[in-house]
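Data first, discussion second: the structure below is written as structure tokens.
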Amino acid sequence: MPQTKSAKKRERQRQRRTENNKAQRSRIRRAVKRVRTAATPEEAQVALAEAEKLLDRGGRKHLLHPNAAKRTKSRLAKAAGKS
């Protein structure tokens, strides 16, 4: 357990940031899944736009590795084109 005032504050910040990051990563995963499970090409394109936006933001903020975000976007675009 943190003892000093500053260590306690760091712990509070860590917990708050962890919760925010979890929520954002979960949102990204749901968006990616929506693209992959889209019934029609039109739905896939709409879902792809949202997923790309979230992946870009996640890559910038290091919620996931920037190259992983780019790779996922590329694969989703390819998959959305086939549906």
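List of remarks:
- For the chain, calculated [θ]222 nm from helices alone, where every DSSP H run of n ≥ 4 adds -39500 (n - 2.57): -29000 deg cm²/dmol
- Inter-label distance, residue 82 to residue 17: 3.9 nm, where each label sits 7 Å from its Cα along the C-beta direction.
- Under 18 Å, Cα to Cα: Lys pairs in the chain, sequence gap 8 or more or different chains: 16
- For the chain, the relative contact order works out to 28 percent when only alpha carbon pairs closer than 8 Å and six or more residues apart are counted.
- Hydrophobic, long helices, defined as DSSP H runs whose alpha-carbon span along the helix axis is 30 Å or greater and whose mean Kyte-Doolittle value is at least 0.0, do not occur in the chain.
- Separation in nanometres of the label points that stand 7 Å from Cα toward Cβ, at residue 65 and residue 30: 2.7 nm
- Shape class for the chain: prolate, because the ratio a/c of the largest to smallest gyration tensor axis (alpha-carbon atoms, square roots of eigenvalues) is 1.5 or more and a/b beats b/c.
- Between the beta carbons of residue 9 and residue 42, assuming R0 = 41 Å, the FRET efficiency works out to 0.25 to the nearest 0.05.
Readers should treat all values here as calculations from the given coordinates under stated rules, not as data from a laboratory. None of the values given here were measured: they were computed from a predicted structure. Quick reminder, even Gly has a Cβ in these numbers, built from the backbone with ideal geometry, and neighbours come from all protein chains shown.
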